[in-house]
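The values are calculated or read from the model by the stated rules, or taken from the named source; none is laboratory data. Predicted model, so just to flag it, every value in this text is computed and none were measured. Positions of Cβ are generated from backbone atoms using ideal geometry, with glycine treated the same way; all protein chains shown enter the neighbour counts.
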Amino acid sequence: MRNRTLLLVLIAGATGCLPATERDFQMAQTVTEMGDAINEIRQLSYELQDRVDSLTTVVAKRDTVVRQLANLAGVPVPP
């Protein structure tokens, strides 16, 4: 039993020492490209959120101006 365990450990260790194959390099390249794509999506998400925040500010300012004009004109504006 002990010899069998030792043999399995040696085989597992030897397998880890094998040189990288073309498939391993392709997998590493794919993982790198996926990381780059995730970072690009994250950056685009930040830019989109910035635009949404900017538009929210513009709408809030216009809403305030419309309410002030309606108040000056005596027109009731629903909340």
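Structure data summary
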| read-out | value |
| --- | --- |
| Which listed residue, of L48, L69, is part of a helix (DSSP H, G or I), under 33 Å from the mean Cα position of the chain (by Cα), surrounded by 10 or more Cβ atoms within 10 Å (Cβ to Cβ) and free of Cβ contacts under 8 Å to residues at least 60 places away in the same chain | L48 |
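This table checks each residue for (1) modelled with pLDDT of 95 or more; (2) surrounded by 10 or more Cβ atoms within 10 Å (Cβ to Cβ); (3) in a helix (DSSP H, G or I).
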residue: G13; (1), (2), (3): no, no, yes
residue: R23; (1), (2), (3): no, no, yes
residue: T30; (1), (2), (3): yes, yes, yes
residue: N39; (1), (2), (3): yes, yes, yes
residue: D63; (1), (2), (3): no, yes, yes
